[in-house]
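First the structure, in the form of structure tokens, and then the observations on it.
The values are calculated or read from the model by the stated rules, or taken from the named source; none is laboratory data. Owing to the predicted nature of the structure, the values given are computational and were not obtained by experimental measurement. Here the Cβ is made from the backbone with ideal geometry for all residues, glycine too, and neighbour counts use every protein chain on show. Calculation scope for accessible area: heavy atoms of the full protein, side chains included, ligands and nucleic acids excluded. Shrake-Rupley method; radii C 1.70, N 1.55, O 1.52, S 1.80 Å.
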Amino acid sequence: MTTTVGDQDRQSATNAAIERSAAYYRLKADVEDFYYHEADLLDDRRFRDWLELLTEDVSYFMPIRRNVKFGQQVARENTKRGEGISWFDEDKWTLTKRVEQILTGVHYAEEPLSRITHMVSNVQIKEARPDIGTARELDVTSRFLVYQNRVEYETYIFVGRRNDTLRLTDTGWKIARREILLEQNILLAKNLTTFF
Amino acid sequence: MPLRNDFDQLVDVKGGFISREIFVDADIYRQELDKVFTRAWLLVGHESLVPNPGDFYTSRMGEESVILCRDKKGEIHVFLNSCRHRGMKVCRYEQGNTSLFTCPYHSWTYTTDGKLQGVPLHRTLYDGVLDREANSLVSVAKLCNYKGSIWATWDKDAPDFLTYLGDAKIHLDQALDCRDGREGGSEVIGVHKWVFPANWKFAAENFLGDTYHNPSHRSVDLIGIGPSAAAGKKGRRDDELEKAEHVWISFPAGHGVHSAIQPEANEYTESFLDNPILEKYFRHCFEERKRRLGEGARLLPFVGTIFPNTSYHGRQPRGLCAWHPHSPTSTEGWRFFLVDKDAPKEAKEYLRRYYMRYSGPAGMTEQDDMENWLYATAASTGTVARRYPFNYQQSMGAYVTDHPLGGDVSKQVTEQIARGFYRRWTTYMQGGDWHELLGSPAGNRQAAE
Ligand code: FES
Ligand SMILES: [Fe+2]
């Protein structure tokens with residue numbers, strides 16, 4: 001992939017606004033539509049189709065969030081992609097394994113399947129490459145609210161942000177890089193069996 | 001509150017029945033915190049979490065928050081994370097470096113060796129009354145740095161940690177020692193913390209050597225997530241123990257392990273089929289370990305639980321778990337992931353990825369464990385359910401007591417380890433002395449048979 005920006009740089013870049021032109025809003029509508037489609041695939045349990053939305057070199061990352069002293073947030077609050085232990089720091093092979101596991105029908109943590117709804121909001125394009133009119137690659141931030149209900153009484157609400165890099169391919173936009181910032185320190189759920 | 005004798009009825013190791021009450025009852029839970037968790041040795045953390053003077057890491061012992069801290073002189077301490085004035089948590093950061101812990105409430109300050117230092121307006125308000133020394137942070141009674149892992153107990157009469165470990169030592173060693181057989185040398189590369197709605201003993205018992213629950217992991221075994229899975233191998237780990245003789249051991253102090261003894265012709269099992277660098281490294285470790293340990297290298301660990309709530313995974317994946325009680329039906333799981341500190345970068349990179357896909361709430365294997373622990377707990381809270389004890393009759397009597405590894409050694413999957421664990425749990429709940437808690441071998445056998 002062409003991007004070399006780290007997750008931290010990306011976060012600090014979130015306030016640098018692109019000009020709100022007609023081209024921006026057209027592209028934003030495209031991206032929102034893409035996210036709604038993605039949410040449909042996941043919530044309709046079309047997991048293999050969801051995998052199709054990921055580039056072959058996708059990096060899918062959910063850090064563990066830590067309680068740190070003021071001033072250390074940028075350097076130390078989140079575990080880092082590519083080192084140590086996070087909730088997820090995965091490639092397409094592992095994500096494919098996760099899908100295969102659910103499809104065995106004996107992955108008891110998802111059997112019977114959970115009822116899950118993905119809500120996506122606050123979509124903003126932070127950077128378009130090479131430019132907004134002819135963009136082939138985008139950095140996009142958004143918020144998610146994922147509701148999971150399992151068996152009878154088990155209910156979890158996962159809320160957070162996503163920092164994505166989307167890439168335009170022959171078959172439309174695909175996710176090349178995703179950072180998922182769940183707003184929790186100790187995970188307040190027994191499992192993370194859903195995709196974000 | 002259950003009486004002393006009640007525990008003998010609740011835990012019937014002779015008949016192989018254990019009441020569900022001990023997994024769901026609130027009174028019993030309160031007593032556990034008092035009688036088990038203030039006496040037994042508990043895992044607090046690892047020295048690699050606090051490498052430098054002034055480093056601290058907040059941890060837990062039972063339900064309570066503690067601070068693992070290395071003082072200015074380099075000595076490690078464990079303190080209750082609660083101010084002596086009005087109880088405020090003096091440290092709400094997970095990890096860091098400091099010269100003082102400043103209480104946010106009224107600003108008392110404590111040094112890194114736990115001493116009360118600053119008391120605002122001391123001269124006007126407390127002069128001649130407040131004894132600083134007596135108001136230090138509450139320290140654990142005993143602490144042990146065992147091969148880098150930090151353990152502590154609140155009981156000043158507790159035996160030293162190695163006595164407490166007994167013959168379980170060489171099994172735990174396998175998780176803590178280098179892959180090439182050198183002693184110690186591990187580091188923590190990350191920690192999972194999560195809360196799940198199950199009694200803590202389900203997790204502890206799972207790692208005691210409940211190999212019988214293997215079928216619940218069928219989904220990962222079908223798809224393959226092990227070291228050589230990308231090269232097409234099935235299973236959730238590469239089976240280096242395929243030719244080994246498996247042993248399940250119950251130790252008198254309540255610990256239990258599932259380990260394996262490699263055949264005399266102890267040969268390296270090909271693994272990491274898609275990665276020649278790793279293959280070479282792990283083959284080297286295997287040969288080197290064999291050279292260093294000789295016959296001893298044939299013993300390989302699988303899993304184990306050090307009574308009451310510390311578990312380990314010895315090889316694939318490798319780490320230490322603490323199952324912190326939260327409520328009768330809720331547990332906070334902590335997993336410290338271990339690698340050899342001086343392992344090559346490729347090996348660490350590989351291992352951390354394997355750990356993440358295997359372990360914890362996002363791990364493909366352990367998600368299914370959590371599902372089981374939750375619904376086993378939930379389906380045991382009912383009035384009627386509580387009348388029917390759990391069955392622990394598996395492999396009754398199928399063990400030997402004269403095996404060189406010590407303890408009750410079984411060559412088949414067995415609940416003897418669980419029976420031993422709950423027998424010892426009963427001794428704690430009855431307020432036994434340390435002689436009884438460590439379990440005199442003769443006394444044990446009578447009770448278990
Ligand atoms: S509670 Fe800590 S200073 Fe008052
Ligand atoms: Fe398991």
### Query
What FRET efficiency would be calculated for the residue pair B:Tyr212, B:Gln9, taking the C-beta separation as r and a Förster radius of 30 Å, to the nearest 0.05?
0.75
### Query
In nanometres, what is the gap between the two model label sites at B:Glu349 and B:Glu270, each 7 Å from Cα along Cα-to-Cβ?
2.4 nm
### Message
Give the aspartates and glutamates reachable from B:Lys280 as a straight Cα distance under 17 Å; neighbours fewer than 8 places away on the same chain don't count.
### Response
B:Asp180, B:Asp238, B:Glu240, B:Glu267, B:Glu270, B:Glu288, B:Asp340, B:Asp342, B:Glu346, B:Glu349
### Task
Give me a single rounded figure for A:184-196: the average over its residues of other chain Cβ atoms within 10 Å of their Cβ.
6
### Message
Just the number please: accessible area per residue for segment A:81-186, 1.4 Å probe, all protein chains included, in Å².
### Response
39 Å²
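So what's the projected area for the protein assembly as shown, the Cα convex hull averaged over all directions, in nm²? If you can, show how the numbers build up before the last one.
Working: hull surface 125.9 nm².
Answer in nm², one decimal: 31.5.
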### Query
Rounded, prolate or oblate: which fits segment B:45-144 when a ≥ b ≥ c are the square roots of the eigenvalues of the alpha-carbon gyration tensor, with rounded for a/c under 1.5 and prolate only if a/b beats b/c?
prolate
### Query
Assigning unit charges at the beta carbon (Lys, Arg +1; Asp, Glu -1) and nothing else, what dipole magnitude in debye, to the nearest 20, does the protein assembly as shown show about its Cα centre?
1100 debye
### Summary
For segment A:85-114 the residues that are at least 50 Å² less accessible with all protein chains than alone, 1.4 Å probe, are A:Ile85, A:Trp87, A:Asp89, A:Trp93, A:Lys97, A:Arg98, A:Gln101, A:Val106, A:Tyr108
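Can you sort B:Leu121, A:Leu51 by 1.4 Å-probe accessible area, starting with the largest?
Greatest to least solvent exposure: B:Leu121, A:Leu51.
List the relative contact order of chain B as a percent without decimals, with contacts defined as Cα pairs under 8 Å and 6+ residues apart. Intermediate values should be presented prior to the final figure.
On the way: 935 pairs, mean separation 91.1, N = 449.
Result for chain B is 20 percent.
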### Message
Take A:Gln72 and B:Leu293, extend 7 Å from each Cα along the Cα→Cβ direction, and tell me the distance between the two endpoints in nm.
### Response
3.6 nm
### Summary
In Å³ per residue, the alpha-carbon convex hull of segment A:19-182 encloses 141 Å³
### Task
Highest first, please rank the peptides B:399-405, B:323-329 by the mean number of other Cβ atoms sitting within 10 Å of their residues.
B:323-329, B:399-405
### Message
Rolling a 1.4 angstrom probe over the protein chains, ignoring ligands and nucleic acids, what is the accessible area of B:Ser136 in square angstrom, nearest 10?
### Response
20 Å²
### Task
Evaluate E = 1/(1 + (r/R0)^6) for B:Asn97 and B:Gln412, where r is the Cβ-Cβ distance and R0 equals 60 Å; express this FRET efficiency to the nearest 0.05.
0.75
### Message
Under 19 Å between alpha carbons, and skipping anything fewer than 8 positions from A:Lys92 in its own chain: which lysines qualify?
### Response
A:Lys80, A:Lys174, B:Lys233, B:Lys234
### Query
When Cβ neighbours within 10 Å are restricted to other protein chains, what is their mean count per residue of peptide B:208-221?
2
### Task
Please give the solvent-accessible surface of A:Tyr156 in Å², to the nearest 10, using a probe radius of 1.4 Å with every protein chain present.
30 Å²
### Task
Pull out the extension gain between B:Thr163 and B:Lys234, defined as 0.36 nm times the separation in residues minus the alpha carbon to alpha carbon distance; nm, one decimal.
21.5 nm
#### Entry: Residue order for B:Glu346, B:Glu240 - accessible surface, 1.4 angstrom probe, largest first
B:Glu346, B:Glu240
### Query
If you put +1 on each Lys and Arg Cβ and -1 on each Asp and Glu Cβ, how big is the dipole of segment B:302-397 around its Cα centre, in Debye rounded to 20?
80 debye
## Note on the structure
Once Lys and Arg are counted +1 and Asp and Glu -1 for all other residues with Cβ under 13 Å from that of B:Asp221, the total becomes +2
### Summary
The rounded separation in angstrom of the Cα centers of segment B:278-347 and segment A:40-76 is 28 Å
### Query
Hey, if you put +1 on the Cβ of every Lys and Arg and -1 on every Asp and Glu Cβ in the protein assembly as shown, which of B:Leu143, A:Tyr156, B:Ser395 ends up farthest toward the positive end of that dipole?
B:Leu143
## Note on the structure
Among segment B:94-108, those whose backbone N falls under 12 Å of a label point 7 Å along Cα→Cβ from B:His85 are B:102-108
### Query
How would A:Val159, B:Val50 rank on accessible area, largest to smallest, probe 1.4 Å?
A:Val159, B:Val50
### Query
Looking at segment B:180-202, which residues lose a minimum of 30 Å² of accessible area between their chain alone and all protein chains in place, measuring with a 1.4 Å probe and not counting ligands or nucleic acids?
B:Ile189, B:His192, B:Lys193, B:Val195
#### Entry: Dipole axis of segment B:1-87 (+1 Lys, Arg; -1 Asp, Glu on Cβ), positive-most option in B:His77, B:Phe37, B:Ile18
B:His77
### Query
Per-residue mean of other chain beta-carbon atoms within 10 angstrom of the beta-carbon, peptide B:354-363?
5
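Please work out the FRET efficiency for the pair B:Phe17 and B:Asp131, using the Cβ-Cβ distance as r and a Förster radius of 56 Å; give the result to the nearest 0.05.
Values: r = 52 Å, r/R0 = 0.94.
Plugging the Cβ-Cβ distance into 1/(1 + (r/R0)^6) gives 0.60.
If I compute solvent accessible area with a 1.4 Å probe over the protein chains, what percent of it on chain A is carbon and sulfur? Intermediate results must be reported in sequence, preceding the final value.
Details: 4520 of 8830 Å².
Here carbon and sulfur together make up 51 percent of the probe-accessible area.
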### Summary
For B:Arg283, the accessible surface traced by a 1.4 Å probe with all protein chains present amounts, in square angstrom to the nearest 10, to 100 Å²
### Summary
Taking a probe of 1.4 Å and leaving out DNA, RNA and ligands, chain B shows per residue an accessible area in Å² of 39 Å²
### Task
Compute the separation of the alpha-carbon centres of segment B:155-230 and segment A:81-127 and state it in Å as a whole number.
26 Å
#### Entry: Inter-label distance, nm, simple model (7 Å from Cα along the C-beta direction), A:Thr169/A:Glu183
3.2 nm
#### Entry: In the B-A interface, the accessible area buried, summed over both sides, Å² (probe 1.4 Å)
3400 Å²
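Using a 1.4 Å probe on the protein heavy atoms, what percent of the accessible area of segment B:227-347 belongs to carbon and sulfur? Could you put the intermediate results ahead of the total?
On the way: 2310 of 4430 Å².
Whole-percent figure for carbon plus sulfur exposure: 52.
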### Task
Work out the charge dipole of segment B:45-144 with +1 on the Cβ of Lys and Arg and -1 on the Cβ of Asp and Glu about the Cα centre, then indicate which of B:Gly118, B:Val90, B:Phe56 is farthest towards its positive end.
B:Gly118
